Amino acid sequence: MEKVLDVLVIGGNRYVGKRLIARLLAEGHRVTVLNRGSSPPPAGVEHLRADRDDERSLTDALGSRVFDAVVDQVCYTPRQAAIARRVFAGRTRRYVMTSTVEVYEYEDSPVLVREEAVEPSTVAVDLDLPWDDPAFLEAHYGEGKRQAEAVLAAGPEFESTVVRVAHVLGGDDDFTGRLAHYAERIRTGEPIAVPAVNRPATYAYVEEIARFLAWAAGEDFTGPVNAASCGVLSTEELCAAVAAHVPGRRAEFRAVEVGEVSPFSFRRAYGMDNGRATRLGFTFGDARQWLPRAVAETLGKGD
């Protein structure tokens, strides 16, 4: 039997986080959840309430607890990462931060992007930017994650890895509304706006990402790692999968040169290479294999 771990999950209220917690529990690990307490955690989990932006609140909530691994689901800024470095120094062996494909927002590669395209140690950090302003943070989501990665990478306090997650699909609790947007457009016959040159992207199934994060918590590799299923999907393929649940309808597309486009259509390449994850010992599935199931779950058509 593999070693039982004491794992702290920061966040974990919904979607990937709640699946991660369920998987850790099913594998026999001891799980503690830390969040603001907006919703209760599942049975069998210790619950700590704290504002992760408030260093004193975080320290008080943790008390004398120590962990084998921390999985941080809600680190969005370098300030939050800096607090985490100070607070968890001496409290954990390993720190896993959930990052995003958006760190590659300045890349536009015809081939799948590898981790070295954004090396955290080379990213400039500015703690004085208005990271507490929600509008600023939303507009600088990728930059916030990049700088958070850089702060964690600079610290000797614990081993750390950042998991750069592709766009996630699946589950009846997908709160993004993106696939539902396509379903409504197809149902009403309204055209779906896409760029004149529409690039494909890599994606990940929600259960697969939860499995990857649980696995990463128990490993010892460091640095960034891409988390994406094998194969790229186009907007047309996504919409075809959605249209299968709208009888008698099919997707209509409208190419636009400028202006807003549909959620999963891209003017630049948006693909990540998952080769490092494979070499480390984790096997991602093929996106085309799980796509019908993911769409059915999200649209409430699952078994």
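The values are calculated or read from the model by the stated rules, or taken from the named source; none is laboratory data. All values derive from a computational prediction rather than experimental measurement. Counting neighbours? That spans all protein chains shown, and the Cβs are built from the backbone with ideal geometry, glycine included. Accessible surface areas use protein heavy atoms only, side chains included; no ligands, DNA or RNA. Shrake-Rupley method; radii C 1.70, N 1.55, O 1.52, S 1.80 Å.
Computed values, structure above
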| item | result |
| --- | --- |
| Every pair of residues 6+ apart whose Cβ atoms lie under 8 Å, when the first sits in the range 16-36 and is without any contact (Cβ under 8 Å) to a residue 40 or more places away in the chain while the second is open to solvent by 10 Å² or more (accessible area, probe 1.4 Å) and among the aromatic types (Phe, Trp, Tyr) | THR32/PHE67 |
| Test: TYR270 is open to solvent by less than 20 Å² (accessible area, probe 1.4 Å), touching a residue at least 60 places away in the same chain (Cβ under 8 Å) and not small (Gly, Ala, Ser) | no |
| Qualifying residue in the range 188-198 (condition: closer than 30 Å to THR283 by Cα, in contact with a Leu (Cβ under 8 Å, 6 or more places away or on another chain) and not acidic (Asp, Glu)) | no |
| Test: PRO130 is assigned to a loop (DSSP other than H, G, I, E, B), modelled with pLDDT of 95 or more and open to solvent by 20 Å² or more (accessible area, probe 1.4 Å) | yes |
| Pairs where the first residue, in the range 53-73, is touching a residue at least 12 places away in the same chain (Cβ under 8 Å) and the second is open to solvent by 70 Å² or more (accessible area, probe 1.4 Å) and assigned to a strand (DSSP E or B), C-beta under 6 Å, 6+ apart | ASP68/ARG93 |
| Qualifying residue in the range 91-104 (condition: aromatic (Phe, Trp, Tyr), without any contact (Cβ under 8 Å) to a residue 60 or more places away in the chain and assigned to a helix (DSSP H, G or I)) | no |
| Strands (runs of 3 or more DSSP E) wholly inside the range 136-239 containing at least 3 residues that are within 19 Å of SER265 (Cα to Cα) and in contact with a Phe, Trp or Tyr (Cβ under 9 Å, 6 or more places away or on another chain) | 167-169, 192-195, 201-205 |
| ARG249 modelled with pLDDT of 95 or more, touching a helix residue (DSSP H, G or I) at 6+ places or on another chain (Cβ under 7 Å) and open to solvent by 50 Å² or more (accessible area, probe 1.4 Å) | no |
| Among the candidates ALA153, ALA180, residue that is crowded, with 20+ Cβ neighbours inside 10 Å, over 15 Å from the mean Cα position of the chain (by Cα) and modelled with pLDDT under 95 | ALA153 |
